[in-house]
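Q: Take a look at the following structure, please.
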Amino acid sequence: MIQSMTGFGKSITQIPNKKITVELKSLNSKNFDLNARIPSQYREKELDLRNLISNSLGRGKVDLSIYVEYTGEQTSTNVNSGVVKNYMDQLRDIVNATEIELLKMAVKMPDALKTERDEIDEKEFNAIEKAVKEALKEINNFRTDEGEALEKDLQLRISNIQELLKEVIKMDPDRVDAVRERLRKGIAEIKEQVDENRFEQELVYYIEKFDITEEKVRLDNHLEYFQKTLNTKDSNGRKLAFISQEIGREINTIGSKSNYAPMQQLVVQMKDELEKIKEQLLNVL
């Protein structure tokens, strides 16, 4: 079962005087890349949260957002009364305004408000950690659902290539006959007498040079291996990507050796299906 790297998870927890909302978003990435937007008082715990998220999600570009809403009478922001009064005194000498107007201007000045840094206690962090775990559970469920859709599409693309390979195998004898006939016509056009035995020897050499038997076998094996890997319990986008490269190598070789337009058309269709597979694999964990 594969997982997508795209997902979203959200959790809300309530502690005394605070409502804490945790959001996790993830997109595809070659490695684990976390962007954390959290209140300053929680920064000392960022490494713990990073490890927790990394162990759960593995790979992906992840955004972690923690929002704190104060629900009680307490607040971490207070008016810096000394600074405000000083601003008002200075403004009074500059502008002719009422006390209320002076106050409105003063509170907009730098340092008019001061934020007290709350120390995070273990109970509060435990609540945050629990909320992150709930969000991780939700995002992993999201990733699994997306993975099921990806798996169905990948299975379809691989099946399409297998069907096209069957057509290539069925067409191969006609290709050999076409090559043989083309060479005979070429000899006839130059109106030269040739030794029939020598011609057959050269023909065999030419056909062997463009033989695609090994490529057909290897391609079939790679396609089966891709499906087998896709059905394993461990999701592995990197391994599937490596297998897809081998699939592409065999398809390209068949195309370059075919020397037969109808078969090359099938190869083009194979390449189209493979490109769609590669695009999808970018998002597989």
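Q: What single numbered condition from (1) modelled with pLDDT under 70; (2) surrounded by 10 or more Cβ atoms within 10 Å (Cβ to Cβ); (3) in a helix (DSSP H, G or I) fails to hold for Arg198?
A: Against the list (1) modelled with pLDDT under 70; (2) surrounded by 10 or more Cβ atoms within 10 Å (Cβ to Cβ); (3) in a helix (DSSP H, G or I), Arg198 comes up short only on (2).
Q: Mind listing whichever residues of the range 205-232 are more than 20 Å from Gln3 (Cα to Cα) and not in a helix (DSSP H, G or I)?
A: Hits for the range 205-232 are Phe210, Asp211, Ile212.
Q: Now a separate question. Going through the range 224-278 one residue at a time, which ones are at pLDDT below 95 and acidic (Asp, Glu)?
A: Within the range 224-278, Asp234 is the sole residue that qualifies.
Q: Taking the range 233-285 as the region of interest, how many residues are assigned to a helix (DSSP H, G or I), under 17 Å from the mean Cα position of the chain (by Cα) and of a type in the set (Val, Ile, Thr)?
A: Counting residues in the range 233-285 that are assigned to a helix (DSSP H, G or I), under 17 Å from the mean Cα position of the chain (by Cα) and of a type in the set (Val, Ile, Thr) gives 1.
Q: Same structure again: Which pairs do you get when a residue that is closer than 29 Å to Ser4 by Cα, found in the range 32-49, comes within reach of a residue that is hydroxyl-bearing (Ser, Thr, Tyr), reach meaning Cβ atoms under 6 angstrom, with the pair 6+ apart or on two chains?
A: These pairs meet every condition: Phe32/Ser54; Arg37/Ser65.
Q: Scan the range 244-264 for residues that are surrounded by fewer than 20 Cβ atoms within 10 Å (Cβ to Cβ) and within 30 Å of Gly60 (Cα to Cα) and report the count.
A: 4
The values are calculated or read from the model by the stated rules, or taken from the named source; none is laboratory data. This structure is a prediction, so every number in the text was calculated from the model and none was measured. Cβ atoms come from the backbone with ideal geometry, glycine included; neighbour counts cover every protein chain shown.
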